[in-house]
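Visitor: Below: one structure in structure tokens.
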Amino acid sequence: MSVLTRQTQTRHHPQGKTCHHFQFHGLSCDEYDDMLRRANRMCELCGTPEEETGGQRLVVDHFEGNDPPVRFIRGLVCDRCNAVMSCLDETKVWGKNVAWRARAIEYEANSWEPVTSEQRHRAALNREERQQQRERIRRLTALEAS
């Protein structure tokens, strides 16, 4: 069995450098190809074909939280749907994206990487903390303005 390294995981980089999916997400080129097949080269949230996305590529969508620590890979999405998932993760405010909330929850429930109940619990705690932090900032801002 060969060892996966930054030098061996270069298949998807146009200049033969280390692939982003390996460097930032720990996904081998074979795993990334499996994800592309699963997604049928389309955004797994809205169905936009890869070549029609803003960046001409799909991005590896993941949840990451620090308190408590948790990380899992959900799948491949376009840039627009990556912003929708940021709303689900409570790192952005929903706004008009809220119409996608139910679909985002369904998509996460079918993550590429199996998510344990413990990981789901930790993600919920992170989201709750982010929401509370945003609310604290909103209240402070309102107090300063008055």
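Visitor: Can you confirm whether Leu45 is open to solvent by less than 30 Å² (accessible area, probe 1.4 Å), under 23 Å from Glu106 (Cβ atoms) and assigned to a helix (DSSP H, G or I)?
Guide: Values: open to solvent by less than 30 Å² (accessible area, probe 1.4 Å): yes; under 23 Å from Glu106 (Cβ atoms): yes; assigned to a helix (DSSP H, G or I): no.
Spelling it out, it is not the case that Leu45 is open to solvent by less than 30 Å² (accessible area, probe 1.4 Å), under 23 Å from Glu106 (Cβ atoms) and assigned to a helix (DSSP H, G or I).
So that you can scan it fast, the table gives a plain yes or no per residue for (1) open to solvent by 90 Å² or more (accessible area, probe 1.4 Å); (2) under 16 Å from the mean Cα position of the chain (by Cα); (3) closer than 18 Å to Pro69 by Cβ:
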site: Thr91; (1), (2), (3): no, yes, yes
site: Arg101; (1), (2), (3): yes, yes, no
site: Glu106; (1), (2), (3): yes, yes, no
site: Trp112; (1), (2), (3): no, yes, no
site: Ala123; (1), (2), (3): no, yes, yes
site: Glu129; (1), (2), (3): no, no, yes
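Visitor: All but one of (1) aliphatic (A, V, I, L, M); (2) within 18 Å of Glu113 (Cβ to Cβ); (3) surrounded by fewer than 13 Cβ atoms within 10 Å (Cβ to Cβ) hold for Leu36, so report the exception by its number.
Guide: Among (1) aliphatic (A, V, I, L, M); (2) within 18 Å of Glu113 (Cβ to Cβ); (3) surrounded by fewer than 13 Cβ atoms within 10 Å (Cβ to Cβ), Leu36 violates only (3).
The values are calculated or read from the model by the stated rules, or taken from the named source; none is laboratory data. In this text the structure is predicted, and so the values were computed from the model without any measurement. Note that we place each Cβ from the backbone using ideal geometry, even for glycine, and neighbour counts take in every protein chain shown. When the accessible area is computed, the model is the full protein with side chains, heavy atoms only, and any ligands, DNA or RNA have been set aside. Shrake-Rupley method; radii C 1.70, N 1.55, O 1.52, S 1.80 Å.
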